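**Student:** Got a structure here, written out as structure tokens. Questions coming.
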Amino acid sequence: MNILIINAGSSSLKYQLMDPETGVVSAKGLCERIGIDGRLNHKVGENKVVKDIPMPTHSEAIAATLEILQDAEHGVIKSVAEIDAVGHRVLHGGMEFFDSCIINDEVIKAIEKCIPLGPLHNPANLMGIRACQAVMPTTPQVAVFDTAFHMTMPSKAYRYAIPTEYYENDSIRRYGFHGTSHKYVAKRTAELVGKKEFKMVNCHLGNGSSMSAVKDGKCQDTTMGLTPLAGVPMGTRSGDIDAAVVQFICNKYGMSVDECLNMLNKKSGMLAISGVSSDFRDLEDGAKNGNEACALAREKFCYEVAKYVGAYAAALNGIDVLTFTAGVGENDCNVRAKVCEYLGFMGVKIDPELNSKRGKEMLISTPDSKVQVWVVPTNEELMIAQDTAELVNAAK
Ligand code: ADP
């Protein structure tokens, strides 16, 4: 089976053609500068090609993608009919979507209804969906939501303690993001530990970071909120702060709320504390060279991650498994070591030798650790491809 995975942004569109059973990616690429001029970056194995192609809208980007996938020189398929289905990443499913689903007119209306919750991403995701429907009208399309995995949270976890009218009238609550990654890691971890019923905390630590508390494969709580700004501090996002900070800064510096939120999303986090970079590798280099602000940024990050693991261990009445994933979680062994050091009180023990490896699926805890600690490299695209294939096969 061939599944085309589409992740449409406002001026870009990423794609992968994947076999959902093997996870093998036959081709992938990026259309960028949509609405400006248009450039296609296409990759088959190690062969890369870059082409300037006019892309006034997402439709031309999809058309260019389909064309290069069938190209005699750079293509991997002979006709569009070889694409069995398209899986679209959609940011916000609001309270409308608890799972991935096959796209029809009703689904499009419901994704439109969620635009106030994902004002930057959902319109772009819809452009990608509409463009695919226009150029490949008979190919099934599936929407996979970043929020859906978290919809099993109980109300005590997702409700904010603010007047009920904002929940009832405006759907303001915790949603959480990176759901496709959390779902993939939860599913994969169940295979690795060989059981379905267990309690885990997954740490998706990348440029954007979020954590989830999962019981028997179902999400019970997560760190991000109405938007991805909440939770642990991230590359450039502040994570949790007292909301009154916004009022203080806006009043003192004559900033609008939008400007202040932009600062909290793009100029905060590791970048702000270190004053150097949002990239954990730069922070590690800085700390090694004696830069105290870089060391503090990393320390603050590990501290907040460990705090949430503790909170979620309380929420779940203990945990069996702790997992690390995404750029930092998979590769930064010093972050993992520091977080686990904080969790020594819970009987978490990792083997420094095992933990020194990077980017591999592996158990890093010692046999006598009370909690199994795993590194599970995430694969959101595979999860999208599998969800898409499952839904399309079930509808046959
Ligand atoms: P995004 O949220 O953009 O998907 P990623 O999951 O790709 O982010 O993670 C990006 C982060 O991963 C960067 O901060 C980078 O420093 C970190 N990272 C990637 N590779 C390594 C590595 N080998 N060692 C330490 N950190 C790494």
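**Student:** So residue 270 fits all but one of (1) in contact with a helix residue (DSSP H, G or I) (Cβ under 7 Å, 6 or more places away or on another chain); (2) in a loop (DSSP other than H, G, I, E, B); (3) among the hydrophobic types (A, V, I, L, M, F, W, C); (4) surrounded by 20 or more Cβ atoms within 10 Å (Cβ to Cβ); what number is the exception?
**Tutor:** (2)
**Student:** Quick check on this structure: which one of 148, 143 is out of contact with any strand residue (DSSP E or B) (no Cβ under 6 Å at 6 or more places or on another chain) and crowded, with 21+ Cβ neighbours inside 10 Å?
**Tutor:** Values: 143 fails: out of contact with any strand residue (DSSP E or B) (no Cβ under 6 Å at 6 or more places or on another chain).
From the options 148, 143, the qualifying one is 148.
**Student:** Can you tell me how many residues within the range 210-227 are among the polar types (S, T, N, Q) and surrounded by fewer than 23 Cβ atoms within 10 Å (Cβ to Cβ)?
**Tutor:** First, pick out the residues of the range 210-227 that are among the polar types (S, T, N, Q): 210, 212, 220, 222-223, 227.
Imposing the further condition that a residue be surrounded by fewer than 23 Cβ atoms within 10 Å (Cβ to Cβ) reduces the set to 220, 227.
So the count comes out to 2.
**Student:** Further question on the same structure: Select from the range 302-327 the residues that are within 12 Å of the ligand (Cβ to nearest atom), touching a Ser or Thr at 6+ places or on another chain (Cβ under 8 Å) and closer than 24 Å to residue 370 by Cβ and list them in ascending order. Let's see the steps before the verdict.
**Tutor:** Applying the first criterion (within 12 Å of the ligand (Cβ to nearest atom)) to the range 302-327 yields 324-327.
Among the residues that remain, those that are also touching a Ser or Thr at 6+ places or on another chain (Cβ under 8 Å) are: 325-326.
Correct list: 325 only.
**Student:** Follow-up question, since we're still on this one. I need the full set of residues from the range 322-344 which are under 14 Å from the mean Cα position of the chain (by Cα) and among the hydrophobic types (A, V, I, L, M, F, W, C), in order please.
**Tutor:** Answer for the range 322-344, where residues must be under 14 Å from the mean Cα position of the chain (by Cα) and among the hydrophobic types (A, V, I, L, M, F, W, C): 324, 326, 328.
**Student:** Right, residue 283: crowded, with 18+ Cβ neighbours inside 10 Å, in a helix (DSSP H, G or I) and away from the ligand (no atom under 16 Å from the Cβ) or not? Step through it out loud before you land on a result.
**Tutor:** Details: crowded, with 18+ Cβ neighbours inside 10 Å: yes; in a helix (DSSP H, G or I): yes; away from the ligand (no atom under 16 Å from the Cβ): no.
Here the answer is no, as residue 283 does not meet what is asked.
**Student:** When residue 330 is evaluated against the numbered criteria (1) touching a Pro at 6+ places or on another chain (Cβ under 8 Å); (2) under 29 Å from residue 119 (Cβ atoms), which criterion, by number, is the only one it fails?
**Tutor:** (2)
Listed here are the residues, each with its yes/no results for (1) closer than 29 Å to residue 227 by Cβ; (2) touching an Asp or Glu at 6+ places or on another chain (Cβ under 9 Å); (3) in a loop (DSSP other than H, G, I, E, B).
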{"position": "48", "(1), (2), (3)": "no, no, no"}
{"position": "62", "(1), (2), (3)": "yes, no, no"}
{"position": "73", "(1), (2), (3)": "no, no, yes"}
{"position": "94", "(1), (2), (3)": "yes, no, yes"}
{"position": "98", "(1), (2), (3)": "yes, no, yes"}
{"position": "115", "(1), (2), (3)": "yes, no, yes"}
{"position": "124", "(1), (2), (3)": "yes, no, no"}
{"position": "130", "(1), (2), (3)": "yes, no, no"}
{"position": "134", "(1), (2), (3)": "no, no, no"}
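**Student:** Of all residues in the range 50-60, which are crowded, with 20+ Cβ neighbours inside 10 Å and assigned to a loop (DSSP other than H, G, I, E, B)?
**Tutor:** 55
**Student:** While we're on this one: Taking residue 362 and the conditions (1) surrounded by fewer than 19 Cβ atoms within 10 Å (Cβ to Cβ); (2) touching a Gly at 6+ places or on another chain (Cβ under 6 Å), which numbered condition does it fall short on, given that it satisfies the others?
**Tutor:** (2)
**Student:** Return the residues of the range 242-267 that are more than 16 Å from the ligand (Cβ to nearest atom), part of a helix (DSSP H, G or I) and of a type in the set (S, T, N, Q); say none if nothing qualifies. Give the steps one after another, and end with the answer.
**Tutor:** Initial filter on the range 242-267 (more than 16 Å from the ligand (Cβ to nearest atom)): 242-264.
Now narrow it down to the ones that are part of a helix (DSSP H, G or I): 244-253, 257-264.
Those that are more than 16 Å from the ligand (Cβ to nearest atom), part of a helix (DSSP H, G or I) and of a type in the set (S, T, N, Q): 247, 251, 262.
**Student:** Hey, another quick one. Go over the candidates 289, 355 one by one and state the one that is of a type in the set (S, T, N, Q) and without any contact (Cβ under 8 Å) to a residue 12 or more places away in the chain. It would help to see each step written out before you state the result.
**Tutor:** Values: 355 fails: without any contact (Cβ under 8 Å) to a residue 12 or more places away in the chain.
One residue alone meets the criteria, 289.
**Student:** Let me ask something additional. Quick check on this structure: which one of 253, 303 is within 23 Å of residue 355 (Cα to Cα), surrounded by fewer than 17 Cβ atoms within 10 Å (Cβ to Cβ) and free of Cβ contacts under 8 Å to residues at least 60 places away in the same chain?
**Tutor:** On the way: 253 fails: within 23 Å of residue 355 (Cα to Cα).
After ruling out the rest, the residue left standing is 303.
**Student:** Yes or no: residue 285 of a type in the set (Asp, Glu) and closer than 15 Å to residue 236 by Cα?
**Tutor:** Details: of a type in the set (Asp, Glu): yes; closer than 15 Å to residue 236 by Cα: no.
Considered against the rule, which asks whether it is of a type in the set (Asp, Glu) and closer than 15 Å to residue 236 by Cα, residue 285 comes out as no.
**Student:** Restricting the range 226-241 to residues that are touching a helix residue (DSSP H, G or I) at 6+ places or on another chain (Cβ under 9 Å) and away from the ligand (no atom under 16 Å from the Cβ), which is nearest to residue 98 (Cα to Cα)?
**Tutor:** So the first thing to find is which residues in the range 226-241 are touching a helix residue (DSSP H, G or I) at 6+ places or on another chain (Cβ under 9 Å), and the list is 227-229, 231-241.
Remaining after also requiring away from the ligand (no atom under 16 Å from the Cβ): 240-241.
Values: 240: 25, 241: 28 Å.
This residue is 240.
Quick note: the coordinates plus some simple rules give every number you see, no bench work behind them. Since the structure is predicted, the reported quantities are computational estimates derived from the model, not experimental observations. All Cβ positions, even for glycine, are placed from backbone atoms using ideal geometry, and neighbour counts span all protein chains on display.
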